[in-house]
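Trainee: My questions will all concern the structure given below.
The values are calculated or read from the model by the stated rules, or taken from the named source; none is laboratory data. Bear in mind the structure is a predicted one, so any value in this text is a computation, not a measurement. Note that we place each Cβ from the backbone using ideal geometry, even for glycine, and neighbour counts take in every protein chain shown. Ligands, DNA and RNA are excluded from the accessible area calculation, which covers all protein heavy atoms including side chains. Shrake-Rupley method; radii C 1.70, N 1.55, O 1.52, S 1.80 Å.
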Amino acid sequence: MDYKKYGFGTRAVHEGNSVDQETGAIKRPITMANSYALPYDPSALNWSEAGKNLYTRNGGSNQQYLQEKIASLEGGEDCIALASGVGALSGLFFALLKSGDHVICSSITYIAVYRLMNELFKDKFQIETTIMDTGDLDAVRAAVRPNTKLIHIETPGNPTLTINDIQALAQIAHENGAFLSVDNTFASPYNQRPIELGADFVVESMTKYINGHGDAMGGAIIGKKELLDPIRAQSQVNLGATISPFNAWLISRGASTLPLRMKQHNDNALAIARWLEKQPRVRFVSYPGLESHPKHELAKKQMSPGFGGVLSFGLDGDHDTHNRFVSYLKVITSAVSLGHDASLIVFLGEDDERQYLYPQQFHKGFFRFSVGIEDAEDLIGDLQQALEKL
Ligand SMILES: Cc1ncc(COP(=O)(O)O)c(C=O)c1O
């Protein structure tokens with residue numbers, strides 16, 4: 001069935017699902033088998049072919065169903081579902097780049113991207129990397145080299161919630177024969193679809209909003225089939241970052257309610273960001289939905305209907321003030337990750353080695369707060385009682 005003409009909510013439920021031909025079940029089953037039956041004469045098969053139901057590392061049915069759903073939600077032709085967000089990021093970089101290529105990468109990204117670009121690819125594989133503020137478009141234009149192969153950005157960026165202009169960066173990349181990849185994890189496809197804005201690749205940690213329940217890891221690369229085919233073979237079959245069938249099934253199940261959950265994340269985060277901004281003890285709040293965010297107008301242009309569930313903020317006080325504040329919280333949990341049903345908060349201290357890349361206000365330590373789907377009044381009440389105890 002072709003669901004292309006239907007809305008986001010309908011596609012979130014129905015894409016990647018159909019009546020199981022064998023049992024008549026109206027949900028596709030989980031297939032945990034490692035291997036699939038071979039034809040009478042298997043000798044001519046290509047054992048390295050990806051996407052084939054041959055051996056689960058080459059591809060499996062639950063992975064395939066999930067890929068159909070995510071490609072549709074991101075508005076892409078094709079999708080590769082992998083074992084984690086980092087598996088997707090490194091799979092894309094390993095398969096696309098070669099020694100002597102140059103990459104421009106946002107200074108505000110998930111830490112593993114910084115490590116891959118600043119250490120592994122630079123030191124071991126002789127890939128030239130420029131880690132820079134990709135919000136400064138003139139500086140990006142000036143940084144492009146004849147061998148620039150890729151511009152990689154994350155918007156909103158982890159952990160400062162910086163916003164980059166996807167359309168403008170896609171144009172710069174394409175004018176110079178390079179690709180643009182966008183990590184869309186913080187926004188999720190409900191709020192932002194980078195392919196519609198010109199990106200060549202979207203990368204998602206499906207561990208976060210797409211799964212949404214904090215109980216399975218997965219990653220995805222979305223883009224044109226001709227670009228993804230060689231990446232699929234390398235990242236999955238040869239590097240081995242295949243997603244487990246059970247996780248693919250869990251993430252498909254979670255993704256059906258993505259629009260409902262995202263609506264609640266968006267509403268809760270905006271209400272809490274506005275409330276936090278009014279608290280005398282709060283030094284700053286960074287959330288793209290706030291008028292005070294330096295890139296609010298750009299965020300409004302490329303994100304809709306909302307701005308996601310993650311914000312960051314700082315408190316007045318010394319290092320231990322932040323730890324005491326977290327210890328007083330009753331509903332909000334101190335834990336890494338984001339995009340779960342439950343609210344999670346993490347204190348990022350003053351000694352993060354990337355501090356020099358962050359705006360000044362982040363230098364005294366700050367919180368990254370992933371606002372969950374609980375009742376907003378309860379979350380605000382929890383923050384309030386912890387602030388009062390300080
Ligand atoms: C923006 C972003 N991209 C990628 C990742 C990595 O995802 P995973 O933990 O699924 O490997 C994370 C993890 O926090 C993230 O925040």
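Trainee: Which number in (1) out of contact with any Lys or Arg (no Cβ under 9 Å at 6 or more places or on another chain); (2) within 16 Å of the ligand (Cβ to nearest atom); (3) open to solvent by less than 10 Å² (accessible area, probe 1.4 Å) marks the one condition that residue 221 misses?
Mentor: Among (1) out of contact with any Lys or Arg (no Cβ under 9 Å at 6 or more places or on another chain); (2) within 16 Å of the ligand (Cβ to nearest atom); (3) open to solvent by less than 10 Å² (accessible area, probe 1.4 Å), residue 221 violates only (1).
Trainee: For a quick check of your reading of the model, give me the residue pairs whose first member lies in region 326-339 and is more than 16 Å from the ligand (Cβ to nearest atom), whose second is in a loop (DSSP other than H, G, I, E, B), with beta-carbon atoms closer than 7 Å and at least 6 apart or on different chains.
Mentor: 331/343; 331/374; 332/343
This table checks each residue for (1) touching a Lys or Arg at 6+ places or on another chain (Cβ under 9 Å); (2) among the aliphatic types (A, V, I, L, M); (3) without any contact (Cβ under 8 Å) to a residue 60 or more places away in the chain.
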{"residue": "88", "(1), (2), (3)": "no, yes, no"}
{"residue": "99", "(1), (2), (3)": "no, no, yes"}
{"residue": "107", "(1), (2), (3)": "yes, no, no"}
{"residue": "111", "(1), (2), (3)": "yes, yes, no"}
{"residue": "122", "(1), (2), (3)": "no, no, yes"}
{"residue": "127", "(1), (2), (3)": "yes, yes, yes"}
{"residue": "138", "(1), (2), (3)": "no, no, yes"}
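Trainee: Any idea which of (1) within 23 Å of residue 19 (Cα to Cα); (2) at pLDDT below 95; (3) surrounded by 20 or more Cβ atoms within 10 Å (Cβ to Cβ) is the one residue 50 doesn't satisfy?
Mentor: Here residue 50 meets the rest and fails (1).
Trainee: Sticking with this one: Quick one: which of 112, 83, 139 is of a type in the set (Gly, Ala, Ser) and more than 25 Å from residue 215 (Cα to Cα)?
Mentor: 139
Trainee: Of everything in region 302-325, what is within 16 Å of the ligand (Cβ to nearest atom) and in a strand (DSSP E or B)? Give them in sequence order. Break it down into steps so the answer makes sense when it comes.
Mentor: Start the filter on region 302-325 by keeping residues that are within 16 Å of the ligand (Cβ to nearest atom), which leaves 303, 307-312.
Those that are within 16 Å of the ligand (Cβ to nearest atom) and in a strand (DSSP E or B): 310, 311, 312.
Trainee: Given 30, 70, which one is in contact with a helix residue (DSSP H, G or I) (Cβ under 9 Å, 6 or more places away or on another chain), open to solvent by less than 20 Å² (accessible area, probe 1.4 Å), β-branched (Val, Ile, Thr) and under 25 Å from residue 209 (Cα atoms)?
Mentor: 70
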